[in-house]
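The values are calculated or read from the model by the stated rules, or taken from the named source; none is laboratory data. Everything quoted here is computed from the prediction, not taken from an experiment. Glycine also receives a Cβ, built like all others from the backbone with ideal geometry; neighbour counts cover every protein chain displayed. Accessible surface areas use protein heavy atoms only, side chains included; no ligands, DNA or RNA. Shrake-Rupley method; radii C 1.70, N 1.55, O 1.52, S 1.80 Å.
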Amino acid sequence: QVQFVESGGGLVQPGGSLRLSCAASGRAFKIYTMGWYRQAPGKQRELVAAITSGGSTNYADSVKGRFTISRDGAKNPVYLQMNSLKPEDTAVYYCNADYRGTGYFSWGQGTQVTVSS
């Protein structure tokens with residue numbers, strides 16, 4: 001079965017950076033569009049960034065210019081480089097295969113990102 005394990009979250013001050021990693025198993029994820037999602041308390045999970053099998057990317061307007069999604073062609077882990085972090089970026093971040101803006105498989109535990117002074 002498909003499993004996702006997110007890592008790299010933590011506590012960071014505004015303006016700081018974090019790099020999230022996503023280990024995926026159970027499928028040949030090279031063929032899928034992959035996405036990073038986040039969910040803040042009381043809010044719906046939202047797509048933050050996505051990358052296709054061909055390397056094309058798109059981002060939510062709120063993170064454009066600050067976040068970069070990438071993938072490794074060999075093992076196909078998915079990464080999210082987050083720069084210039086803001087308090088409103090605070091959320092649990094999840095990775096998944098993306099299908100039209102939502103996760104295609106079961107969700108992992110996510111990794112907590114907290115941006116605070």
Give the span of region 47-115's Cα atoms along each principal axis, as three whole-Å numbers ordered largest to smallest.
-> 32, 25, 23
Give the residue from L47, N83, S70 lying farthest towards the positive end of the charge dipole for region 27-117; charges sit on Cβ (+1 for Lys and Arg, -1 for Asp and Glu) and the dipole is referred to the Cα centre.
-> S70
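Which of the chymotrypsin sites (Phe, Trp or Tyr not before Pro) found in region 51-117 are in a DSSP loop and have at most 16 neighbouring Cβ atoms, other than their own, within 10 Å?
When the chymotrypsin sites (Phe, Trp or Tyr not before Pro) of region 51-117 are filtered for loop state and at most 16 Cβ neighbours within 10 Å, Y104, W107 remain.
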Estimated dipole of region 45-111 in Debye, rounded to 20 [Cβ of Lys and Arg +1, of Asp and Glu -1, Cα centre] | 100
Among the trypsin sites (Lys or Arg not before Pro) in region 1-57, which ones are in a DSSP loop with at most 13 other Cβ atoms within 10 Å of the Cβ? Mind listing them?
-> K43
For the chain: accessible area per residue (Å², 1.4 Å) | 54
Cα gyration tensor shape for the chain, rounded if a/c is under 1.5, else prolate or oblate = prolate
Using a Cα distance threshold of under 29 Å, what count of lysine pairs results for the chain when pairs must be 8 or more residues apart or interchain?
-> 6
